[in-house]
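For reference, the structure discussed in these notes is given below.
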Amino acid sequence: MWLHTSTRLMFDANVATPFLLMLRPRSGWQQWVGRERYVLEPSVPAVEFTDAFGNLCQRMVAPAGPFSILASADVECPAGADAAPGAEFVEVQRLPEDVLPFLLPSRYCESDCFYAMASEITAGCLPGWDQVSRIVDYVAGAMRYTPGSGSILRSAREVNGCSDAVCRDMAHLGIALTRALSIPARMVVGYLEPLTPVDLHAWFEAYVGGRWYTFDPTQTNLDGGRVAIAYGRDAADVAVFTQFGDPVPLLLMEVNVQKTTAPP
(Lines give C-alpha, C1' and ligand atoms only; values in the text may rest on other atoms or scores of the structure.)
Protein backbone atom coordinates (compact mmCIF):
# COMPACT_ATOMS: atom_id res chain seq x y z
CA MET A 1 0.00 0.00 0.00
CA TRP A 2 1.01 3.63 -0.49
CA LEU A 3 0.74 6.22 2.28
CA HIS A 4 1.08 9.98 2.13
CA THR A 5 2.66 11.23 5.35
CA SER A 6 3.42 14.73 6.55
CA THR A 7 4.47 16.65 9.63
CA ARG A 8 4.38 20.44 9.90
CA LEU A 9 6.09 22.23 12.80
CA MET A 10 5.89 25.95 13.54
CA PHE A 11 8.11 27.84 16.00
CA ASP A 12 8.73 31.44 17.04
CA ALA A 13 12.25 32.06 18.36
CA ASN A 14 13.53 35.16 20.14
CA VAL A 15 17.06 34.55 18.85
CA ALA A 16 18.71 32.39 16.20
CA THR A 17 18.47 28.81 17.52
CA PRO A 18 20.28 25.60 16.50
CA PHE A 19 17.94 22.71 15.65
CA LEU A 20 18.48 19.01 15.07
CA LEU A 21 15.64 17.38 13.12
CA MET A 22 14.73 13.77 12.37
CA LEU A 23 11.79 13.94 9.97
CA ARG A 24 12.83 12.08 6.82
CA PRO A 25 11.93 8.39 6.46
CA ARG A 26 14.53 6.26 4.72
CA SER A 27 13.95 3.45 2.25
CA GLY A 28 14.54 -0.07 3.53
CA TRP A 29 13.29 -3.59 3.11
CA GLN A 30 9.97 -2.73 4.83
CA GLN A 31 9.31 0.62 3.17
CA TRP A 32 10.17 2.48 -0.02
CA VAL A 33 10.13 6.27 -0.24
CA GLY A 34 8.77 7.17 -3.66
CA ARG A 35 8.60 10.95 -3.33
CA GLU A 36 9.51 13.56 -0.73
CA ARG A 37 9.05 17.25 0.00
CA TYR A 38 10.99 19.15 2.64
CA VAL A 39 10.32 22.86 3.06
CA LEU A 40 11.89 25.34 5.50
CA GLU A 41 10.30 28.79 5.80
CA PRO A 42 12.22 31.00 5.74
CA SER A 43 14.78 28.98 3.82
CA VAL A 44 18.03 28.45 5.74
CA PRO A 45 21.11 26.34 5.01
CA ALA A 46 20.76 22.78 6.30
CA VAL A 47 23.17 19.87 6.54
CA GLU A 48 22.05 16.25 6.51
CA PHE A 49 23.89 13.33 8.09
CA THR A 50 23.19 9.75 9.14
CA ASP A 51 23.41 9.02 12.85
CA ALA A 52 24.73 5.87 14.55
CA PHE A 53 21.35 4.13 14.12
CA GLY A 54 21.01 4.90 10.41
CA ASN A 55 18.48 7.72 10.83
CA LEU A 56 18.48 10.65 8.41
CA CYS A 57 19.09 13.80 10.48
CA GLN A 58 19.11 17.47 9.50
CA ARG A 59 20.87 20.26 11.36
CA MET A 60 20.30 23.97 10.89
CA VAL A 61 20.02 27.29 12.67
CA ALA A 62 16.51 28.71 12.74
CA PRO A 63 16.45 32.52 12.48
CA ALA A 64 14.81 34.73 15.08
CA GLY A 65 11.08 35.05 14.48
CA PRO A 66 8.55 32.63 12.95
CA PHE A 67 10.02 29.44 11.49
CA SER A 68 8.23 26.44 9.99
CA ILE A 69 9.20 22.99 8.76
CA LEU A 70 7.15 20.76 6.46
CA ALA A 71 8.29 17.21 5.77
CA SER A 72 6.07 15.04 3.59
CA ALA A 73 6.55 11.78 1.72
CA ASP A 74 4.76 9.16 -0.34
CA VAL A 75 5.88 5.79 0.98
CA GLU A 76 5.11 2.22 -0.08
CA CYS A 77 4.78 -0.17 2.86
CA PRO A 78 3.00 -3.42 3.80
CA ALA A 79 -0.66 -3.21 4.85
CA GLY A 80 0.26 -4.74 8.20
CA ALA A 81 3.25 -5.96 10.15
CA ASP A 82 4.00 -9.66 10.03
CA ALA A 83 4.06 -11.97 13.03
CA ALA A 84 6.15 -15.07 13.64
CA PRO A 85 4.93 -17.09 16.61
CA GLY A 86 7.65 -19.50 17.66
CA ALA A 87 10.50 -17.47 16.11
CA GLU A 88 13.55 -18.51 18.07
CA PHE A 89 15.59 -16.66 20.63
CA VAL A 90 18.98 -15.73 19.17
CA GLU A 91 21.84 -16.35 21.59
CA VAL A 92 23.84 -13.24 22.37
CA GLN A 93 27.05 -14.72 20.94
CA ARG A 94 25.27 -15.16 17.59
CA LEU A 95 23.78 -11.68 17.33
CA PRO A 96 25.03 -9.28 14.63
CA GLU A 97 27.27 -6.58 16.06
CA ASP A 98 24.94 -3.75 15.04
CA VAL A 99 22.16 -5.33 17.14
CA LEU A 100 24.18 -5.53 20.37
CA PRO A 101 23.54 -1.91 21.53
CA PHE A 102 19.83 -2.76 21.79
CA LEU A 103 20.55 -5.30 24.53
CA LEU A 104 21.85 -2.72 26.99
CA PRO A 105 20.03 -0.60 29.56
CA SER A 106 19.43 2.95 28.33
CA ARG A 107 18.24 6.24 29.76
CA TYR A 108 14.51 5.45 29.58
CA CYS A 109 14.68 1.65 29.45
CA GLU A 110 16.33 0.39 32.63
CA SER A 111 16.32 -3.25 31.58
CA ASP A 112 18.76 -4.25 34.33
CA CYS A 113 15.93 -3.66 36.84
CA PHE A 114 13.34 -5.88 35.17
CA TYR A 115 14.74 -9.42 34.97
CA ALA A 116 12.60 -10.90 37.76
CA MET A 117 9.44 -9.22 36.46
CA ALA A 118 10.10 -10.26 32.84
CA SER A 119 10.82 -13.84 33.88
CA GLU A 120 7.59 -14.03 35.83
CA ILE A 121 5.52 -12.55 32.99
CA THR A 122 6.93 -14.96 30.41
CA ALA A 123 7.03 -18.14 32.51
CA GLY A 124 6.25 -21.15 30.33
CA CYS A 125 6.80 -19.31 27.00
CA LEU A 126 9.12 -20.55 24.29
CA PRO A 127 12.23 -18.32 24.27
CA GLY A 128 12.05 -15.63 21.58
CA TRP A 129 8.97 -14.24 19.81
CA ASP A 130 6.51 -15.87 22.20
CA GLN A 131 8.16 -14.18 25.19
CA VAL A 132 7.90 -10.76 23.55
CA SER A 133 4.28 -11.38 22.60
CA ARG A 134 3.48 -12.23 26.23
CA ILE A 135 5.21 -9.00 27.33
CA VAL A 136 3.09 -6.99 24.87
CA ASP A 137 -0.06 -8.60 26.26
CA TYR A 138 1.03 -7.73 29.77
CA VAL A 139 1.79 -4.07 28.96
CA ALA A 140 -1.49 -3.70 27.06
CA GLY A 141 -3.45 -5.14 29.98
CA ALA A 142 -1.61 -3.32 32.75
CA MET A 143 -2.32 0.23 31.59
CA ARG A 144 -4.79 2.18 29.47
CA TYR A 145 -3.50 3.70 26.24
CA THR A 146 -4.36 7.40 26.55
CA PRO A 147 -3.16 9.42 23.51
CA GLY A 148 -2.18 13.02 24.18
CA SER A 149 -1.69 12.58 27.92
CA GLY A 150 2.11 12.38 28.02
CA SER A 151 3.83 15.75 27.99
CA ILE A 152 6.67 14.48 30.22
CA LEU A 153 9.08 11.76 29.19
CA ARG A 154 8.83 8.80 31.57
CA SER A 155 11.19 5.86 31.87
CA ALA A 156 10.10 2.24 32.10
CA ARG A 157 10.53 2.28 35.88
CA GLU A 158 8.44 5.44 36.16
CA VAL A 159 5.61 4.19 33.99
CA ASN A 160 5.52 0.70 35.51
CA GLY A 161 2.43 0.54 37.69
CA CYS A 162 0.74 3.58 36.12
CA SER A 163 -2.86 3.21 35.00
CA ASP A 164 -2.61 5.54 31.96
CA ALA A 165 0.17 5.84 29.40
CA VAL A 166 0.98 7.12 25.94
CA CYS A 167 2.53 5.02 23.18
CA ARG A 168 6.04 6.17 24.09
CA ASP A 169 5.60 5.04 27.71
CA MET A 170 4.26 1.65 26.72
CA ALA A 171 7.11 1.14 24.26
CA HIS A 172 9.65 1.99 26.98
CA LEU A 173 8.23 -0.64 29.33
CA GLY A 174 7.99 -3.25 26.57
CA ILE A 175 11.59 -2.61 25.55
CA ALA A 176 12.93 -2.80 29.10
CA LEU A 177 11.15 -6.09 29.80
CA THR A 178 12.30 -7.55 26.47
CA ARG A 179 15.94 -6.58 26.94
CA ALA A 180 15.85 -8.01 30.46
CA LEU A 181 15.51 -11.43 28.77
CA SER A 182 18.56 -10.78 26.54
CA ILE A 183 16.37 -10.13 23.50
CA PRO A 184 17.41 -6.98 21.59
CA ALA A 185 14.66 -4.34 21.41
CA ARG A 186 14.60 -0.90 19.82
CA MET A 187 12.17 2.00 19.76
CA VAL A 188 10.55 3.19 16.53
CA VAL A 189 8.86 6.52 15.85
CA GLY A 190 6.80 7.04 12.74
CA TYR A 191 3.32 6.99 11.25
CA LEU A 192 0.54 4.42 11.61
CA GLU A 193 -2.55 4.35 9.41
CA PRO A 194 -5.27 4.29 10.71
CA LEU A 195 -4.21 5.71 14.10
CA THR A 196 -6.90 7.76 15.89
CA PRO A 197 -6.37 10.58 16.68
CA VAL A 198 -3.81 11.16 13.94
CA ASP A 199 -0.38 11.81 15.40
CA LEU A 200 3.16 10.53 15.31
CA HIS A 201 3.30 7.10 16.90
CA ALA A 202 5.82 5.04 18.84
CA TRP A 203 6.17 1.26 18.99
CA PHE A 204 9.06 -1.17 19.37
CA GLU A 205 10.80 -3.95 17.48
CA ALA A 206 12.46 -7.05 18.88
CA TYR A 207 15.18 -9.14 17.24
CA VAL A 208 14.12 -12.79 17.15
CA GLY A 209 14.43 -15.49 14.53
CA GLY A 210 17.29 -13.62 12.87
CA ARG A 211 15.43 -10.36 12.10
CA TRP A 212 13.47 -7.47 13.57
CA TYR A 213 9.73 -7.87 14.21
CA THR A 214 7.16 -5.18 15.09
CA PHE A 215 5.38 -5.16 18.46
CA ASP A 216 2.83 -2.55 19.55
CA PRO A 217 1.10 -2.73 22.95
CA THR A 218 -1.24 0.14 22.02
CA GLN A 219 -2.99 -1.79 19.24
CA THR A 220 -5.13 -4.93 19.31
CA ASN A 221 -3.46 -6.21 16.13
CA LEU A 222 -0.67 -5.29 13.71
CA ASP A 223 -2.97 -4.23 10.85
CA GLY A 224 -2.37 -0.90 9.12
CA GLY A 225 0.51 0.64 7.23
CA ARG A 226 3.53 1.81 9.21
CA VAL A 227 6.17 4.28 8.09
CA ALA A 228 9.24 4.43 10.31
CA ILE A 229 11.05 7.74 10.67
CA ALA A 230 13.61 6.91 13.33
CA TYR A 231 15.04 4.00 15.33
CA GLY A 232 16.88 4.18 18.64
CA ARG A 233 17.46 2.78 22.11
CA ASP A 234 14.63 4.87 23.57
CA ALA A 235 12.89 8.24 23.17
CA ALA A 236 16.14 10.14 23.71
CA ASP A 237 17.42 8.81 20.37
CA VAL A 238 14.32 9.38 18.23
CA ALA A 239 13.12 12.93 18.92
CA VAL A 240 11.77 14.40 15.68
CA PHE A 241 13.15 17.79 16.71
CA THR A 242 15.67 18.94 19.29
CA GLN A 243 16.46 22.59 19.99
CA PHE A 244 19.43 24.01 21.83
CA GLY A 245 19.75 27.10 24.01
CA ASP A 246 16.79 29.10 25.27
CA PRO A 247 13.52 27.15 24.86
CA VAL A 248 11.60 27.99 21.68
CA PRO A 249 7.81 27.50 21.89
CA LEU A 250 6.25 25.01 19.49
CA LEU A 251 3.25 26.91 18.14
CA LEU A 252 1.82 24.18 15.93
CA MET A 253 2.34 20.51 15.12
CA GLU A 254 0.19 19.03 12.36
CA VAL A 255 0.50 15.35 11.46
CA ASN A 256 -1.22 13.66 8.54
CA VAL A 257 -1.19 10.11 7.21
CA GLN A 258 -3.57 8.74 4.60
CA LYS A 259 -3.76 6.15 1.88
CA THR A 260 -2.74 7.35 -1.56
CA THR A 261 -1.67 6.05 -4.95
CA ALA A 262 1.83 5.49 -6.29
CA PRO A 263 3.53 8.76 -7.30
CA PRO A 264 3.82 9.31 -11.06
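Values as computed for the structure displayed
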read-out: Test: Ala165 is touching a Pro at 6+ places or on another chain (Cβ under 6 Å), of a type in the set (Gly, Ala, Ser) and more than 25 Å from Val75 (Cβ to Cβ); value: no
read-out: Given (1) on the phi < 0 side of the Ramachandran plot; (2) modelled with pLDDT under 95, index of the condition Gly245 fails; value: (1)
read-out: Residue ranges of strands (runs of 3 or more DSSP E) in segment 171-264 with at least 1 members under 10 Å from the mean Cα position of the chain (by Cα) and among the basic types (Lys, Arg); value: 185-193
read-out: Breaking point among (1) touching a residue at least 40 places away in the same chain (Cβ under 8 Å); (2) not assigned by TED's automatic domain parsing to the domain that holds Ala180, for Val99; value: (2)
read-out: Segment 14-51, residues that are among the β-branched types (Val, Ile, Thr), over 25 Å from Asp199 (Cα atoms) and either touching a His at 6+ places or on another chain (Cβ under 7 Å) or in contact (Cβ under 8 Å) with a residue 40 or more places away in the chain (or both); value: Val15, Thr17
read-out: Residue in segment 124-136 that is among the aliphatic types (A, V, I, L, M), in contact with a Lys or Arg (Cβ under 7 Å, 6 or more places away or on another chain) and at pLDDT 95 or above present; value: no
read-out: Residue within segment 234-248 that is among the charged types (D, E, K, R), surrounded by fewer than 17 Cβ atoms within 10 Å (Cβ to Cβ) and assigned by TED's automatic domain parsing to the domain that holds Asp130 present; value: no
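The values are calculated or read from the model by the stated rules, or taken from the named source; none is laboratory data. The structure displayed is predicted, hence computed values, not measured ones. Quick reminder, even Gly has a Cβ in these numbers, built from the backbone with ideal geometry, and neighbours come from all protein chains shown.
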